[in-house]
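Every number in this text was worked out from the coordinates using simple rules, so none of it is lab data. Every value quoted in this text rests on a predicted model; they were computed, and no experiment measured them. Cβ placement follows ideal geometry from the backbone for every residue including glycine, while neighbour counts extend to all protein chains displayed.
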Amino acid sequence: MPKVSIVMPTYNSSLTLPKSLDSIASQTFDDIELLLIDGASNDATLEIADAYNHIVSLCISEKDNGMYDAINKGIKASTGEYIIILNSDDLYFPKTIEHLIGIASMHDDRTIVSALACEFSERGRQFIRNIPIRSWNYSAHLRMPLRHELMLIPGDIYSELGGYDTSYKLAGDLDICSRIKLDDSIKVIQEEIYLMGFRAGGMGYMLNTTLINERIQHYKKIFGELPNPFLDTLARDASPQQLYEQLSQINFADLTNSDNLILACRDYLGTRGYYQIEGNLPKWKTLTNWANELNV
């Protein structure tokens, strides 16, 4: 069986790190290396890492340029055929890696395997909800369709992608998913099984100014220049009605990448259950009474 490299970025993670490490220690899959990449913590993070030296294959602690810089260091140092990223406040279930590798082994090395996650309270003691599946489609350019911590990615694909864009602080996972979507040679499989728990209130959990601005930065990179009101509406998780209103004001003939934008918005709204497509693009039709068919 192939080796799996788990990359875990940390920074002052002493309150949550032990449970995350325990979840790795409990894995039923044997061939795992754990690379803990720390951003020069000043709490007990490194002492905890040392106490788990029986599972920590490599621990690096130095100042970095944020979470994605730390992840890139871990990817570069990894020796596994597959790489997966786990945050220091999230938990794998005991058979997480075994199950993901089992699926991956049935496919070629151009396949990324993922699964579903459960949300727990901030202290990790109370179950909140199961996060529903989101389809892998053009909406990957707009929102994360997969749980980043469950994306089992062949190391060669990470090499081709060039790692994470460190200009992002929170939206680097969206950016890399978008780049994966642009490569037709990569297949993505999302298993409808819950294989991890993530903590409510973690980094990137709440919509904030940084995330909004980085989403806008990403949209411009993928689609080119777009009207600011539309970008702001899309980045803020606005209602479908608000998004439709902004779409109706765009002259798609003036856009250089209008087809991908139409497909992304179509799939994004469709994934959320707000509309259906009838006929050929770019015809839009809502399922509710508040909007008529929109021709763009």
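At a glance:
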{"read-out": "Relative contact order [Cα under 8 Å, 6+ residues apart], region 1-74, whole percent", "value": "39 percent"}
{"read-out": "Two-site FRET efficiency, residue 53 against residue 19, from Cβ-Cβ distance with R₀ of 22 Å, rounded to 0.05", "value": "0.80"}
{"read-out": "Pairs of alpha carbons in region 4-199 whose separation is greater than 24 Å (percent)", "value": "35 percent"}
{"read-out": "Taking 24, 222 and counting other C-beta atoms within 10 Å, the order from fewest to most", "value": "222, 24"}
{"read-out": "Computed lengthening from residue 220 to residue 193, 0.36 nm per intervening residue step minus Cα-Cα distance", "value": "6.3 nm"}
{"read-out": "Paramagnetic reach from residue 159 (point 7 Å along Cα→Cβ, amide N under 14 Å) across region 60-95", "value": "75-83"}
{"read-out": "Entries of 19/95; 19/63; 19/73 with Cα pairs more than 19 Å apart", "value": "19/63; 19/73"}
{"read-out": "Dimensionless Rg over Rh [region 1-41; C-alpha; Kirkwood]", "value": "1.01"}
{"read-out": "Förster radius 25 Å - calculated FRET efficiency between residue 76 and residue 1, Cβ distance, rounded to 0.05", "value": "0.60"}
{"read-out": "Cα centroid of region 219-247 to Cα centroid of region 29-81, whole Å", "value": "37 Å"}
{"read-out": "Residue exposure sequence - 67, 196, 8 - by fewest surrounding Cβ within 10 Å", "value": "196, 67, 8"}
{"read-out": "Sequence of 250, 112, 37 once ranked by neighbouring C-beta atoms within 10 Å, starting from the fewest", "value": "250, 112, 37"}
{"read-out": "Residues listed by number, region 54-70, amide nitrogen under 18 Å from residue 12 label point at 7 Å toward C-beta", "value": "61-68, 70"}
